[in-house]
């Protein structure tokens, strides 16, 4: 492995850019704090604990958006 390759982790994340903070999710979804934390608390939006912090994988945000769009279309 050369010095430029990122080693995959247990869940397959390789770079910090693939994990979002709650405020980043709030900004991307244009939601307030309460609404964003409700999505996390009800597990409608998957999260990965990192110590005391919560991080949201970008694929979880994408999946959430696609699921909501599919529900709207049905």
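Here, each number is a calculation from the coordinates, and none is a lab measurement. Since the model is a prediction, treat every value here as computed from it, not as a measurement. Positions of Cβ are backbone-derived with ideal geometry, glycine not excepted, and every protein chain shown enters the neighbour counts.
Here the simple spin-label model places points 7 Å from the Cα toward Cβ, and for residue 73 and residue 18 these points are separated by 2.6 nm.
Ranked for footprinting exposure by Cβ neighbours inside 10 Å, fewest first, 69, 20 give 69, 20. The ranking of 54, 68, 43 from fewest to most other beta carbons within 10 Å of each one's beta carbon is 43, 68, 54.
If a/c stays under 1.5 just call it rounded; otherwise compare a/b with b/c (prolate if a/b is bigger, oblate if not). Do that for region 21-73, with a ≥ b ≥ c from the square roots of the Cα gyration tensor eigenvalues. Cα axes put region 21-73 in the prolate bin. Sorted ascending by nearby beta carbons within 10 Å, beginning with the fewest, 18, 72 become 72, 18.
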